[in-house]
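Worksheet: the structure to be examined is printed underneath.
Each value in this text was obtained by applying a stated rule to the coordinates, not by laboratory testing. As the structure is a computational prediction, the values presented were derived from the model and not from experiment. Every residue, glycine as well, gets a Cβ built from its backbone with ideal geometry; the counts of neighbours run over all protein chains shown.
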Amino acid sequence: MSARIIDGKAFSATVREAVARDVTTLKANHGITPGLAVVIVGEDPASQVYVRNKVKQTAECGMNGWHFELPADTSEETLLAKVAELNADPAVNGILVQLPLPKHINEAAVIEAIAPEKDVDGFHVVNSGLLATGGRGMVPCTPLGCLLMLQDTLGDLSGKKAIVVGRSNIVGKPMAQLLLDANCTVTIAHSRTRDLADEVRAADIVVAAVGRPEMVKGDWIKDGATVIDVGINRVPGAEGKTRLVGDVEFAAAAERAGAITPVPGGVGPMTIACLLKNTVTATCRQNNIDLAAL
Ligand code: GUN
């Protein structure tokens with residue numbers, strides 16, 4: 001079998017178009033323009049590229065965007081004061097503090113300082129608790145993007161065997177919760193899992209989020225399975241250049257899978273699209289507007 005390539009770039013464009021339509025309706029019918037504030041501390045070049053992209057796409061969807069660049073030596077106290085100011089600002093519906101933060105800042109303390117209803121990353125313990133207990137919180141963007149791609153590819157996920165390789169708070173754990181909510185039978189695998197190859201071979205759905213280049217081998221994939229690759233790893237390429245690879249051995253996996261996401265152009269673009277979607281969701285909830293009725 002040769003897999004269908006799941007085009008995250010094209011799919012994310014349709015998600016962003018839907019967000020832009022909702023923003024137009026919010027402005028026209030409710031006089032509300034959703035607003036997203038993004039805070040970055042320090043000069044990490046990769047983070048700066050991500051953040052610029054987030055702010056650019058926020059504007060392209062018709063939302064207000066604010067971009068705060070704080071120096072690397074910003075104190076935790078100053079950052080917490082910035083978060084408090086954004087929490088109190090009614091024009092700001094979503095707050096994202098770009099991670100990782102410099103070592104001298106307690107990341108958990110900053111995340112917990114964000115008002116849960118403005119936490120468009122879905123990282124606050126209130127939101128992870130709501131996700132774990134079937135409540136209505138904010139859902140982390142990358143797993144949400146993966147779920148949307150899976151539902152677009154497969155329709156109803158009920159009864160499918162899913163494996164999530166990786167157990168991070170940002171991707172692996174919330175992904176497993178979302179798949180469970182969608183009635184999958186879910187396995188969470190990690191570095192201590194025994195017989196990982198056999199666990200993956202049993203799965204109809206494989207979500208790889210371990211951050212290790214091509215760790216999931218192509219011959220582990222069941223014929224016809226759907227493979228979602230969250231990994232973005234830079235490895236040495238030809239002529240002294242580097243190239244991006246995922247956590248899955250793409251070419252070999254594509255020979256067996258029914259559908260697979262590429263790297264780049266798969267999960268990556270969906271993450272920002274879901275951030276914008278979450279900002280609209282947060283805006284509606286803060287204003288008691290039924291999102292489904294927009
Ligand atoms: N750094 C890399 N990805 C993310 C993300 O999705 N949210 C935040 N806040 N920081 C990140």
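Being crowded, with 16+ Cβ neighbours inside 10 Å, in contact (Cβ under 8 Å) with a residue 60 or more places away in the chain and on the phi < 0 side of the Ramachandran plot is true for just one of Ile105, Ile111, Ile95. Which residue is that?
Numbers: Ile111 fails: in contact (Cβ under 8 Å) with a residue 60 or more places away in the chain; Ile95 fails: in contact (Cβ under 8 Å) with a residue 60 or more places away in the chain.
After ruling out the rest, the residue left standing is Ile105.
Among the numbered criteria (1) out of contact with any Lys or Arg (no Cβ under 8 Å at 6 or more places or on another chain); (2) within 15 Å of Glu107 (Cα to Cα), which single criterion is violated by Asp44?
(2)
Is one or more of the residues making up the range 84-92 assigned to a helix (DSSP H, G or I), within 14 Å of the ligand (Cβ to nearest atom), surrounded by 14 or more Cβ atoms within 10 Å (Cβ to Cβ) and without any contact (Cβ under 8 Å) to a residue 40 or more places away in the chain?
Within the range 84-92, the first condition is being assigned to a helix (DSSP H, G or I), and the residues that meet it are 84-88.
The next check asks that each one be within 14 Å of the ligand (Cβ to nearest atom); those that pass are 86.
Still in the list and also surrounded by 14 or more Cβ atoms within 10 Å (Cβ to Cβ): 86.
Subsequent filtering for residues that are without any contact (Cβ under 8 Å) to a residue 40 or more places away in the chain retains none.
No, every residue in the range 84-92 fails to be assigned to a helix (DSSP H, G or I), within 14 Å of the ligand (Cβ to nearest atom), surrounded by 14 or more Cβ atoms within 10 Å (Cβ to Cβ) and without any contact (Cβ under 8 Å) to a residue 40 or more places away in the chain.
On the given criteria, is Gly258 within 14 Å of Thr142 (Cα to Cα) and crowded, with 16+ Cβ neighbours inside 10 Å?
So Gly258 does not fit the description; no.
Could you check Leu244 against (1) of a type outside the set (Asp, Glu); (2) under 30 Å from Ala88 (Cβ atoms); (3) in contact with a strand residue (DSSP E or B) (Cβ under 8 Å, 6 or more places away or on another chain) and say which number it fails?
(2)
Could you list all residues from the range 193-238 that are basic (Lys, Arg) and closer than 16 Å to Gly266 by Cα?
Kept after step one, since they are basic (Lys, Arg), are these residues of the range 193-238: 194, 201, 212, 217, 222, 234.
Scanning the range 193-238 gives a single hit, Arg234.
Can you confirm whether the range 39-59 contains a residue that is among the acidic types (Asp, Glu), part of a helix (DSSP H, G or I) and either within 16 Å of the ligand (Cβ to nearest atom) or loosely packed, with under 13 Cβ neighbours inside 10 Å (or both)? Show your work before the answer.
Our first condition is that a residue be among the acidic types (Asp, Glu); within the range 39-59, this holds for 43-44.
This time we only want the ones that are part of a helix (DSSP H, G or I), so: none.
Among the residues of the range 39-59, not one is among the acidic types (Asp, Glu), part of a helix (DSSP H, G or I) and either within 16 Å of the ligand (Cβ to nearest atom) or loosely packed, with under 13 Cβ neighbours inside 10 Å (or both), which makes the answer no.
Need at least 1 residues that are under 15 Å from the mean Cα position of the chain (by Cα) and away from the ligand (no atom under 11 Å from the Cβ) per element, so show me which helices (runs of 4 or more DSSP H) inside the range 94-173 make the cut, counting only ones lying wholly within it. Talk me through it step by step, then tell me what you get.
Numbers: elements: 107-113, 125-132, 141-154.
Because the criterion is at least 1 residues that are under 15 Å from the mean Cα position of the chain (by Cα) and away from the ligand (no atom under 11 Å from the Cβ), the helices (runs of 4 or more DSSP H) in the range 94-173 that meet it are 125-132, 141-154.
Return the only residue of Val248, Val227, Val206 being touching an Asp or Glu at 6+ places or on another chain (Cβ under 7 Å) and more than 24 Å from Pro116 (Cβ to Cβ).
Unique residue meeting the criteria: Val248.
Every residue, every condition in (1) loosely packed, with under 13 Cβ neighbours inside 10 Å; (2) touching a residue at least 24 places away in the same chain (Cβ under 8 Å), yes or no:
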residue: Ala132; (1), (2): no, yes
residue: Gly137; (1), (2): no, no
residue: Asp152; (1), (2): no, yes
residue: Val171; (1), (2): no, yes
residue: Thr185; (1), (2): no, yes
residue: Asp219; (1), (2): yes, yes
residue: Gly224; (1), (2): yes, yes
residue: Val230; (1), (2): no, yes
residue: Lys241; (1), (2): yes, no
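Is it the case that Ala72 is outside any helix (DSSP H, G or I) and over 20 Å from the mean Cα position of the chain (by Cα)? Step through it out loud before you land on a result.
Working: outside any helix (DSSP H, G or I): yes; over 20 Å from the mean Cα position of the chain (by Cα): yes.
For Ala72, the condition - outside any helix (DSSP H, G or I) and over 20 Å from the mean Cα position of the chain (by Cα) - is met.
Please verify whether Asp22 is out of contact with any Gly (no Cβ under 9 Å at 6 or more places or on another chain), buried (at least 17 other Cβ atoms within 10 Å of the Cβ) and of a type in the set (D, E, K, R), treating the condition exactly as stated.
Values: out of contact with any Gly (no Cβ under 9 Å at 6 or more places or on another chain): yes; buried (at least 17 other Cβ atoms within 10 Å of the Cβ): yes; of a type in the set (D, E, K, R): yes.
Yes.
Among (1) farther than 19 Å from Ala162 by Cβ; (2) in contact with a Ser or Thr (Cβ under 8 Å, 6 or more places away or on another chain), where does Ala257 come up short?
(1)
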